[in-house]
Amino acid sequence: DTGVSQNPRHKITKRGQNVTFRCDPISEHNRLYWYRQTLGQGPEFLTYFQNEAQLEKSRLLSDRFSAERPKGSFSTLEIQRTEQGDSAMYLCASSRRYSGANVLTFGAGSRLTVL
Amino acid sequence: AQTVTQSQPEMSVQEAETVTLSCTYDTSESDYYLFWYKQPPSRQMILVIRQEAYKQQNATENRFSVNFQKAAKSFSLKISDSQLGDAAMYFCAYRGGGGSEKLVFGKGTKLTVNP
């Protein structure tokens, strides 16, 4: 169990550029989640996958955001035409369903700074 | 929509003492789950404790326990025998029981442990 891995850890980009973040979940976890955390706030839910299917998507996820999880393994989160308001920590988490509430294992996050 | 409120932006405690972090939530659901997550500086978020709403017994995990008051919609975290390693941001989170995988987080409480 190597934990949830996120890359890159930090990304600085200019407004209008596209960025992509990658998340590698714990191998036996079939559920994967993306959250966004801005300074001084708690994480906000963006989207959730079960295997390769994107089952839930927040209204926060505008048309400029897209997430994929091909083959139900790693996931990517792409932000097109970045804006300064996109600056945040993007957190990935994974879980394996068992009885009751899923327990999420979070990655260390990918910090985005849009200049 | 469900909301989670943490009214204490910052708290401090002396090492070996006990501290209680407050959390209230708003929901119309009867079946749901509540969590406390810990986010140490520059490290990933980890689960501290969770509570199923249908369980009347308060959850405990070693030095961590909760006071779950369903009618009052209150879910406080008590940390006993505080240790320096307990210093972190603590987030209260809610997940509905209706099939959504979305966690709703509060804004967090920054806990400082003084030696």
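The values are calculated or read from the model by the stated rules, or taken from the named source; none is laboratory data. Remember, it's a predicted structure, so these values are computed and weren't measured experimentally. Heads up, the Cβs are rebuilt from the backbone with ideal geometry, glycines too, and the neighbour counts pull from every protein chain shown.
For the stretch A:67-80, check the following and say yes or no: at least one residue is within 11 Å of chain B (Cβ to nearest Cβ) and within 23 Å of A:Q17 (Cβ to Cβ).
no
Those residues that are free of Cβ contacts under 8 Å to residues at least 40 places away in the same chain and of a type outside the set (A, V, I, L, M, F, W, C), I need them from the stretch A:61-87; list them, please. Reasoning before the result, please.
So the first thing to find is which residues in the stretch A:61-87 are free of Cβ contacts under 8 Å to residues at least 40 places away in the same chain, and the list is A:61-71, A:85-86.
Matches in the stretch A:61-87: A:S62, A:D63, A:R64, A:S66, A:E68, A:R69, A:P70, A:K71, A:G85, A:D86.
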Being closer than 16 Å to A:V103 by Cα and among the acidic types (D, E) is true for just one of A:E78, A:E68, A:E28, A:E56. Which residue is that?
A:E28
Does B:V4 fit the bill of being farther than 25 Å from A:S94 by Cα and either more than 13 Å from chain A (Cβ to nearest Cβ) or more than 10 Å from the chain's Cα centre (by Cα) (or both)?
no
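A quick yes/no check of all residues on (1) surrounded by 13 or more Cβ atoms within 10 Å (Cβ to Cβ); (2) aliphatic (A, V, I, L, M); (3) more than 30 Å from B:K55 (Cα to Cα); (4) in contact with an Asp or Glu (Cβ under 8 Å, 6 or more places away or on another chain):
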site: A:E28; (1), (2), (3), (4): no, no, no, no
site: A:Y33; (1), (2), (3), (4): yes, no, no, yes
site: A:R36; (1), (2), (3), (4): yes, no, yes, yes
site: A:Q41; (1), (2), (3), (4): yes, no, no, no
site: A:K57; (1), (2), (3), (4): yes, no, no, no
site: A:L61; (1), (2), (3), (4): yes, yes, yes, no
site: A:S75; (1), (2), (3), (4): yes, no, yes, yes
site: A:M89; (1), (2), (3), (4): yes, yes, yes, no
site: A:L104; (1), (2), (3), (4): yes, yes, no, no
Between B:Y94, B:Y54, which is hydroxyl-bearing (S, T, Y), under 28 Å from A:L32 (Cα atoms) and in a strand (DSSP E or B)?
B:Y94
Tally the residues that are within 11 Å of chain B (Cβ to nearest Cβ) and in a loop (DSSP other than H, G, I, E, B), restricting the search to the stretch A:40-55.
4
Any pair with Cβ under 9 angstrom, 6 or more apart, that starts in the stretch A:12-29 at a residue that is part of a loop (DSSP other than H, G, I, E, B) and ends at one that is exposed (fewer than 13 other Cβ atoms within 10 Å of the Cβ) and of a type in the set (A, V, I, L, M, F, W, C)
A:K14/A:L115; A:R15/A:L115
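Within the stretch B:104-113, is there a residue that is without any contact (Cβ under 8 Å) to a residue 60 or more places away in the chain and basic (K, R)? Even if it seems obvious, please write down each step before you answer.
First pass over the stretch B:104-113, keeping only residues without any contact (Cβ under 8 Å) to a residue 60 or more places away in the chain: none.
Taking every residue of the stretch B:104-113 in turn, none turns out to be without any contact (Cβ under 8 Å) to a residue 60 or more places away in the chain and basic (K, R).
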Among the residues of the stretch A:56-99, which ones are assigned to a loop (DSSP other than H, G, I, E, B), in contact with a strand residue (DSSP E or B) (Cβ under 9 Å, 6 or more places away or on another chain), closer than 22 Å to B:F105 by Cα and among the charged types (D, E, K, R)?
A:R96, A:R97
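If only one of A:L46, A:L104, A:L77 is at pLDDT below 95 and not charged (D, E, K, R), which one is it? Spell out how you get there, then give the answer.
Details: A:L46 fails: at pLDDT below 95; A:L77 fails: at pLDDT below 95.
It is A:L104.
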Of all residues being surrounded by fewer than 21 Cβ atoms within 10 Å (Cβ to Cβ) and touching a Pro at 6+ places or on another chain (Cβ under 8 Å) in the stretch B:90-115, which is farthest from the other protein chains (Cβ to nearest Cβ)? Just the residue, please.
B:K110
When only residues in the stretch B:1-36 that are among the hydroxyl-bearing types (S, T, Y) and part of a loop (DSSP other than H, G, I, E, B) count, which is farthest from B:L103 (Cα to Cα)?
B:T18
Being of a type in the set (G, A, S) and under 28 Å from B:K110 (Cβ atoms) is the filter; apply it to the stretch A:1-55 and report the residue that is farthest from the chain's Cα centre (by Cα).
A:G40
So how many residues does the stretch B:1-11 have that are exposed (fewer than 13 other Cβ atoms within 10 Å of the Cβ) and either modelled with pLDDT of 95 or more or of a type outside the set (V, I, T) (or both)?
4
